[in-house]
Amino acid sequence: MTSISNVSKGAIIRFRGEPHRIDTLVHRTPGNLRAFYQAGMKNLNTGRNVSYRFSANESVDVIVTERKQYQYLYRDGDDFVMMDTETFDQINVPAETIGEPARFLKEAAMVDIVFADDNSILEAELPTFVDLEVTETSPATKDDRATSGTKPAVVETGAEVNVPMFIQNESVIRIDTRTGDYMERVKK
């Protein structure tokens, strides 16, 4: 147990019996009232966002974590099979642990996996940006390419993203895995 004042953004704590990652932590001293910490947290079991007000002298249980890089091999039902590149051990990571960014996961991609002190998987983080090839999109005429609209495109992982009109089949694009948005076209 440690004081909330010693905890920083990104720390993983046990809150109400479940692991939570602190996304925001703000110290507030409103006028003549007692100081407190306003925390925005994400429940790592359910994915729900939680807001809580800690008193300045309150203690929290910080979970000791270990972060390791694994390489994505293949999909096995609802699980993703990952391999430790040093020991070649393989583990199964449930799809809900990765969440929505899993649709941009392609073979041989490196994934950061966060383990708790009891060796359970708390979360899996994809790289912030991935480069994927467009496999299917509607052709654009010269007039379409001159406008600033968007069109749907399917990338090599099967995910659909909105791209600018000038993107063609076999173009390589950079995608933000946090939001699923098109960022830029990548030169081959």
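Scanning region 107-119 for residues that are surrounded by 15 or more Cβ atoms within 10 Å (Cβ to Cβ) and not small (Gly, Ala, Ser) gives Val111, Ile113, Val114, Phe115. Tallying residues that are part of a loop (DSSP other than H, G, I, E, B) and without any contact (Cβ under 8 Å) to a residue 60 or more places away in the chain within region 35-56 yields 6. Within region 114-145, the set of residues being under 11 Å from the mean Cα position of the chain (by Cα) and more than 17 Å from Met183 (Cα to Cα) comprises Glu123, Ala124, Glu125.
Here Phe88 fulfils each of the conditions (1) outside any strand (DSSP E or B); (2) in contact (Cβ under 8 Å) with a residue 60 or more places away in the chain apart from (2).
Consider region 91-108. How many of its residues are part of a helix (DSSP H, G or I) and either among the hydroxyl-bearing types (Ser, Thr, Tyr) or more than 14 Å from the chain's Cα centre (by Cα) (or both)? Count: 1. For region 40-55, the condition holds for no residue, the condition being that it is at pLDDT below 95, surrounded by 18 or more Cβ atoms within 10 Å (Cβ to Cβ), within 27 Å of Ala153 (Cα to Cα) and of a type in the set (A, V, I, L, M).
The values are calculated or read from the model by the stated rules, or taken from the named source; none is laboratory data. What you are looking at is a predicted structure, and each value in this text was computed from that prediction instead of being measured. Positions of Cβ are generated from backbone atoms using ideal geometry, with glycine treated the same way; all protein chains shown enter the neighbour counts.
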